[in-house]
Each structure stands twice: as C-alpha cells, then as structure tokens.
Amino acid sequence: MNDFCYIGCFFDPAEIKRNAWNQERGRLHRVVRHPHVTFSYRPDEVPFDLFGSEVAVRVIGYGKNDENEAFLVELLEMPEGLLPLAETIRVPHITISVSERGKAVNSNKLKFPPVQPFIIKGIFGGEDQKGVLHLD
C-alpha cells in the first residue's frame, strides 16, 4: 500500500492563477494549492519511473458555480507510459478553487463554456496523504 492520495499532472500555481484571472475575477473560498489533472485517485500502483515527466495540456473550457471553479483540458503530450492512465480520465480538468464545502472531485460536473484555447505544461507526480507534492 502506498500513501498517495492521487497521481497526476501538476501545474505551476502562479500560471494557473494568471490564466484563471483572465476568465473571471474572484476565486471561491479555497484556492487549490497543487493544481493538477488527476490521473488516478488513491492509486493501487504508482509509476514512480514517470515522476518528473512533462505533460502538455490545452485548456479549452472554463466553468464556475457556487461550489467549484475549473478549466476543462485536452491532454496533448505525455510519455507513452502514461497513455493507459490518461485514457481512463472521463473529464480531464484542473480545479482552480472550491467553496468552503466544495470538493474538487465535483469539478467534473461543471458546464465548461469554451475559452480561447491555450497550452500549459506540467509535471507528472503525486500528492501524498500529508499533502506533500512529489515530482521526482
């Protein structure tokens, strides 16, 4: 058993903040500290050999309601070893902020009107039970 809450592609919070600011002013109660696209929640197996790999995504939508705020993304480039995990992601998104009672997992239920597409790059890694980010 490993101690990872989730594994995925993590992005620079400053870049997410800069791009989110262009969409709509004002975040919800809690800004996500480690913005990411989740590849697997509570994974049984962790591909440590792929930690540190670059992943590119295209942001194609933005959604916000009283509970969640997120970007809808398309996965563009990643190591071949991540493709099987990527194919299991139903609604690839990056949660930006949540309300006091909101849960990031619910961001996949947002309506995502299209935005002017842009590409951002992140690093594949994982966040453990203590909230520590592991990227290598």
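The values are calculated or read from the model by the stated rules, or taken from the named source; none is laboratory data. A quick note: this is a predicted structure, and the numbers were derived from the prediction, not measured. Positions of Cβ are generated from backbone atoms using ideal geometry, with glycine treated the same way; all protein chains shown enter the neighbour counts. Calculation scope for accessible area: heavy atoms of the full protein, side chains included, ligands and nucleic acids excluded. Shrake-Rupley method; radii C 1.70, N 1.55, O 1.52, S 1.80 Å.
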Note down the relative contact order for the chain as a percent, whole number, built from C-alpha pairs under 8 angstrom at least six residues apart. 35
I'd like the distance separating the alpha-carbon centroids of the stretch 32-56 and the stretch 122-136, in whole Å. 7
Quarter of Cα convex hull surface for the chain, i.e. mean projection, nm²: 7.7
Those GluC sites (Glu not before Pro) in the stretch 72-136 that DSSP places in a loop and that have at most 10 other beta carbons within 10 Å: 87, 100
With 0.36 nm assigned to each residue of separation and the Cα-Cα distance removed, residue 18 to residue 34 gains 4.3 nm
Residues in the stretch 104-136 near a label at residue 86, defined as backbone nitrogen under 14 Å from the 7 Å Cα→Cβ point? 120-125
Expressed as a whole percentage, what fraction of the accessible surface of the stretch 41-111 belongs to carbon and sulfur atoms when a 1.4 Å probe is rolled over the protein heavy atoms? 46
Per residue solvent-accessible surface (Å²) - the chain, probe of 1.4 Å: 59
Set of lysines near residue 111 by C-alpha distance (under 23 Å), chain-local residues within fewer than 8 positions excluded: 17, 64, 103
Evaluate E = 1/(1 + (r/R0)^6) for residue 45 and residue 105, where r is the Cβ-Cβ distance and R0 equals 22 Å; express this FRET efficiency to the nearest 0.05. 0.60
